[in-house]
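**Q** Shown below is the structure under consideration.
The values are calculated or read from the model by the stated rules, or taken from the named source; none is laboratory data. Computed from a predicted model, the values in this text were never measured in an experiment. Cβ: placed from backbone, ideal geometry, glycine included. Neighbour counts: every protein chain shown. Surface areas here come from the heavy atoms of the whole protein model, side chains and all, with no ligands, DNA or RNA. Shrake-Rupley method; radii C 1.70, N 1.55, O 1.52, S 1.80 Å.
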Amino acid sequence: MNMYQGVRDALSHAMMRDDTAVVFGEDVAFGGVFRCTMGLAEEFGRERVFNTPLTEQGIAGFGIGLAAMGHTAIAEIQFADYIYPAFDQIVNEAAKYRFRSGGQFSAGGLTIRCPSMAVGHGGHYHSQSPEGFFMGGAGLKVVIPRSPIQAKGLLLASIRDPNPVIFMEPKVLYRSSVEQVPMDDYELPLGRAETLVAGSDLTLLSWGTPVYHCETALHMLTSPSDALAPYVPQSLRSAKVELIDLRTILPWDAETVAESVSRTGRLVVVHEAGRTGGVGAEIGAEIQKRCFLKLNAPVKLVTGWDTPVPMQFEKFYMPDPLRILDAIIETLTY
């Protein structure tokens, strides 16, 4: 399966197991713009898979009401860039509903799916990564998968989690990321990072699409091309870099990251969103606190620039393998 098929399979399993589950959003009844809900209306009926008006605030508010009544509400925001009109409903209502009612009521049955991150030509309204805006939304969970296996397992866990979850799907991976995905129903744990490559000299942390750029950067470090060879010191080519996929952005797995940095002494964080107020800044602050005496270099961030995502120059906005390689070298030689 590719990633959109993994998402579609997860939705199908969730609706088969839970008669209260409904899927709704703009254009989802005929498959959605990325085809993630293709065939679900025919499989489960248009009472359970249906289109909504073009109102993100209304989609979120409707989902909160459904969840409060005990239903499983699976909403789609057509692009993560469009989630801002729903911010009040998500942060002021969904996130706080259990807290303000003293545990009597909950919107935990709400999951909001939204395609996120860059696609190469989306520009400022179709390539944003807004996960950092929700870091202060106590009561929410934010999840970003990197692959079809991860997408299916994490989405099923998100739908069944007792808290409202924002599930951001890297849109460029919908068709480019392909794996052998188990057909059975399964879940992957939320709030747990995954170590993809073990290492001892530097911790490289990312999520979503940039995980693949990090893998490319590691290959460039160990086997640089002729053009790059003069800029990659021979002594660094055998460095053991630990690559971690954070997976859950809120709450993020500080224990796994801190344990890794305590061993490696160095941390490079990579994400597509802008630097200021981004997730990397929060991670850097916490790791500086937990690992201060064991750090051999300052925490390094490789991020998008503090500008709107540009249309013509989107490629230069993204943290590509070359920028990541440069950060690794700089941190290893500090």
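**Q** Mind checking which residues of the range 300-332 are open to solvent by 10 Å² or more (accessible area, probe 1.4 Å), more than 13 Å from Ala217 (Cα to Cα) and either of a type in the set (D, E, K, R) or over 20 Å from the mean Cα position of the chain (by Cα) (or both)?
**A** Lys300, Asp306, Thr307, Pro310, Met311, Gln312, Phe313, Lys315, Phe316, Glu330, Leu332
**Q** I'm told Gly108 meets every condition in (1) free of Cβ contacts under 8 Å to residues at least 40 places away in the same chain; (2) among the small types (Gly, Ala, Ser); (3) surrounded by fewer than 22 Cβ atoms within 10 Å (Cβ to Cβ); (4) within 18 Å of Leu250 (Cβ to Cβ) except one. Can you identify the failing condition by its number?
**A** (1)
**Q** Phe292 passes all but one of (1) assigned to a helix (DSSP H, G or I); (2) within 20 Å of the chain's Cα centre (by Cα); which number fails?
**A** Unmet condition: (2).
**Q** Let me ask something else. For the range 29-45, enumerate the residues that are part of a loop (DSSP other than H, G, I, E, B), within 17 Å of Pro115 (Cβ to Cβ) and in contact with a Gly (Cβ under 9 Å, 6 or more places away or on another chain).
**A** Hits for the range 29-45 are Gly31, Gly32, Thr37, Met38.
**Q** While we're on this one: Which residue is farthest from Gly32 (Cα to Cα), if the candidates are limited to the range 120-132 and must be open to solvent by 10 Å² or more (accessible area, probe 1.4 Å) and in contact with a strand residue (DSSP E or B) (Cβ under 9 Å, 6 or more places away or on another chain)?
**A** The extreme case among them is Gly132.
**Q** Same structure again: Please verify whether the range 70-83 includes one or more residues that are open to solvent by 50 Å² or more (accessible area, probe 1.4 Å), assigned to a loop (DSSP other than H, G, I, E, B), in contact (Cβ under 8 Å) with a residue 24 or more places away in the chain and touching a Ser or Thr at 6+ places or on another chain (Cβ under 6 Å).
**A** yes
**Q** Still on this structure: Let me spell it out: the conditions are (1) open to solvent by 10 Å² or more (accessible area, probe 1.4 Å); (2) more than 24 Å from Val178 (Cβ to Cβ); (3) assigned to a helix (DSSP H, G or I), and Ile149 meets all of them except one. Which number is the exception?
**A** (2)
**Q** To continue, here is another question. Quickly run through the range 243-276 and pick out the residues that are in contact with a helix residue (DSSP H, G or I) (Cβ under 7 Å, 6 or more places away or on another chain) and either at pLDDT below 95 or in a strand (DSSP E or B) (or both).
**A** If the condition is that a residue be in contact with a helix residue (DSSP H, G or I) (Cβ under 7 Å, 6 or more places away or on another chain) and either at pLDDT below 95 or in a strand (DSSP E or B) (or both), then Leu243, Ile244, Asp245, Ile249, Leu250, Leu267, Val268, Val269, Val270, His271, Glu272, Ala273 are the ones that fit.
**Q** Another question, then. Give the range 161-180 a look and list any residue that's open to solvent by less than 30 Å² (accessible area, probe 1.4 Å), closer than 18 Å to Gly208 by Cβ, in contact with a helix residue (DSSP H, G or I) (Cβ under 7 Å, 6 or more places away or on another chain) and in contact (Cβ under 8 Å) with a residue 60 or more places away in the chain, or say none.
**A** Ile166, Met168, Glu169, Leu173, Tyr174, Ser177
**Q** Something else: Hey, can you tell me all the residues within the range 193-219 that are farther than 14 Å from Ser177 by Cβ and in contact with a Lys or Arg (Cβ under 7 Å, 6 or more places away or on another chain)?
**A** Residues satisfying the conditions are Ala193, Glu194, Gly199, Ser200, Asp201, Leu202, Thr203.
**Q** Write out, first by first residue and then by second, each pair whose Cβ atoms fall under 6 Å of each other, whose residues are 6+ apart or on separate chains, and whose first residue, in the range 183-200, is open to solvent by 50 Å² or more (accessible area, probe 1.4 Å) while the second is part of a strand (DSSP E or B).
**A** Once the first residue is open to solvent by 50 Å² or more (accessible area, probe 1.4 Å) and sits in the range 183-200, its partners that are part of a strand (DSSP E or B) give Glu194/Asp245; Thr195/Ile244; Leu196/Leu243; Leu196/Asp245; Val197/Leu243; Ala198/Glu242.
**Q** Report yes if some residue within the range 232-239 is assigned to a loop (DSSP other than H, G, I, E, B) and open to solvent by 60 Å² or more (accessible area, probe 1.4 Å); otherwise report no.
**A** yes
**Q** Right, something else. What number of residues in the range 203-231 are in a helix (DSSP H, G or I), under 23 Å from the mean Cα position of the chain (by Cα) and not aliphatic (A, V, I, L, M)?
**A** Matching residues across the range 203-231 total 6.
**Q** Can you go through Thr303, Thr307, Thr248, Thr256 and tell me which one is touching a Leu at 6+ places or on another chain (Cβ under 7 Å) and closer than 23 Å to Thr209 by Cβ?
**A** So the residue among Thr303, Thr307, Thr248, Thr256 that is touching a Leu at 6+ places or on another chain (Cβ under 7 Å) and closer than 23 Å to Thr209 by Cβ is Thr248.
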